[in-house]
Amino acid sequence: MLRSELPDLHFGTLNHCLWQAEQAECTRHLPEAERGAPLIGACQPARCRNSAVTAAHAPIWLAEQHDLTERLRDRRLLAARRAALRARLDDIKPITTALTQDL
Ligand code: SF4
């Protein structure tokens with residue numbers, strides 16, 4: 001049934017992609033003629049409106065949040081590296097917050 005409702009659904013380990021080309025973040029910078037399929041390697045699960053994160057994906061997101069938090073505790077981090085890790089953590093927090101809201 002899901003397949004008939006969402007024929008372009010792609011299942012993934014970080015999220016599921018509902019694939020609507022006009023909303024895709026991963027292909028945004030490609031020429032229009034090349035935007036025919038999801039670019040899984042450039043997926044933006046936290047930003048794309050095609051991204052569906054389910055409870056089944058929670059362990060990997062929570063593990064990444066934990067890893068980033070631990071790495072940010074290192075006082076020896078270079079400023080640029082710290083900024084990149086902080087940006088990534090800020091990016092995933094809406095997802096981890098939503099995933100843990102009902103726990
Ligand atoms: S960014 Fe990810 S969720 Fe969005 S269309 Fe591309 S592959 Fe799908």
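The values are calculated or read from the model by the stated rules, or taken from the named source; none is laboratory data. The shown structure was predicted, so the numbers you read here are calculated from the model rather than taken from an experiment. Reconstructed Cβ throughout: ideal geometry from the backbone, glycine too, with neighbour counts over all protein chains shown. Surface accessibility is based on the protein's heavy atoms, side chains included, excluding ligands, DNA and RNA. Shrake-Rupley method; radii C 1.70, N 1.55, O 1.52, S 1.80 Å.
Descriptive notes on the structure:
- Residues that are modelled with pLDDT of 95 or more and either aliphatic (A, V, I, L, M) or near the ligand (Cβ under 6 Å from one of its atoms) (or both), drawn from segment 20-29: Ala24, Glu25, Cys26
- Annotation: Glu5 fulfils all but one of (1) under 20 Å from the mean Cα position of the chain (by Cα); (2) open to solvent by 70 Å² or more (accessible area, probe 1.4 Å); the unmet one is (1).
- Restricting segment 57-95 to residues that are part of a loop (DSSP other than H, G, I, E, B) and open to solvent by 70 Å² or more (accessible area, probe 1.4 Å), the residue that is nearest to Leu18 (Cα to Cα) is Arg73.
- Yes/no for Gly41 being in a helix (DSSP H, G or I) and either more than 16 Å from Pro94 (Cα to Cα) or within 7 Å of the ligand (Cβ to nearest atom) (or both): yes
- Scanning segment 47-56 for residues that are open to solvent by 40 Å² or more (accessible area, probe 1.4 Å) and assigned to a loop (DSSP other than H, G, I, E, B), we see that the one that is farthest from the ligand (Cβ to nearest atom) is Thr54.
- Tabulated pairs, segment 34-46, first in contact (Cβ under 8 Å) with a residue 40 or more places away in the chain, second buried (at least 16 other Cβ atoms within 10 Å of the Cβ) and hydrophobic (A, V, I, L, M, F, W, C), C-beta under 6 angstrom, 6+ apart or interchain: Pro45/Leu14; Ala46/Ile92; Ala46/Ile95
- Across segment 15-44, the number of residues qualifying as within 23 Å of Ala63 (Cα to Cα) and either touching a Leu at 6+ places or on another chain (Cβ under 6 Å) or open to solvent by less than 60 Å² (accessible area, probe 1.4 Å) (or both) comes to 5.
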